[in-house]
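One structure is given here, and the rest of the page talks about it.
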Amino acid sequence: AKCQCKLPQRERTNCGYPGISAAECKKIGCCFNASMPGVPWCYTPKPKKVKKVCPNDPYARINCGYPGIPARECTRKGCCFRAHPAGVPWCFYHRVTEE
């Protein structure tokens, strides 16, 4: 992603070898920007930011507990808890999305 390549020059970590082409650099999953001499042109991107979200669709829930699990025990396991609707897991796993 483009935003992963927006890094101050002093924070660039070399990712290729001297004389690497832009295409070769991108093929190995790195960023390429040859606009500044004296800094790595092929460099490691920023790590992707991910966040955990509780799915809104009750039918997309993946069970994380057992019938009748208390909310506190569910959240202690690191899961989501919503005591509605009937017929779906009330204690369920987060979904991870990229920011």
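The values are calculated or read from the model by the stated rules, or taken from the named source; none is laboratory data. Just so we're clear, the structure is a prediction, and the values are computed from it rather than from any experiment. Positions of Cβ are generated from backbone atoms using ideal geometry, with glycine treated the same way; all protein chains shown enter the neighbour counts. Side chains are part of the model used for accessible areas, which takes the heavy atoms of the whole protein and leaves out ligands, DNA and RNA. Shrake-Rupley method; radii C 1.70, N 1.55, O 1.52, S 1.80 Å.
Worth a mention:
- Within segment 4-15, not a single residue is open to solvent by less than 80 Å² (accessible area, probe 1.4 Å), out of contact with any Asp or Glu (no Cβ under 7 Å at 6 or more places or on another chain) and of a type in the set (Asp, Glu).
Yes/no matrix, rows are residues, columns are (1) of a type in the set (S, T, N, Q); (2) more than 19 Å from the chain's Cα centre (by Cα); (3) surrounded by 14 or more Cβ atoms within 10 Å (Cβ to Cβ); (4) modelled with pLDDT of 90 or more:
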site: Pro45; (1), (2), (3), (4): no, no, yes, yes
site: Cys54; (1), (2), (3), (4): no, no, no, yes
site: Gly65; (1), (2), (3), (4): no, yes, yes, yes
site: Cys80; (1), (2), (3), (4): no, no, yes, yes
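- Taking the criterion of being part of a loop (DSSP other than H, G, I, E, B), touching a helix residue (DSSP H, G or I) at 6+ places or on another chain (Cβ under 8 Å) and of a type outside the set (Phe, Trp, Tyr), the residues of segment 35-46 that qualify are Met36, Val39, Pro45, Lys46.
- Output for segment 55-72, where each listed residue is part of a loop (DSSP other than H, G, I, E, B) and small (Gly, Ala, Ser): Gly65, Gly68
- Hey, Gly87 surrounded by fewer than 16 Cβ atoms within 10 Å (Cβ to Cβ), free of Cβ contacts under 8 Å to residues at least 24 places away in the same chain, assigned by the TED database to the domain that holds Arg10 and among the small types (Gly, Ala, Ser) or not: no
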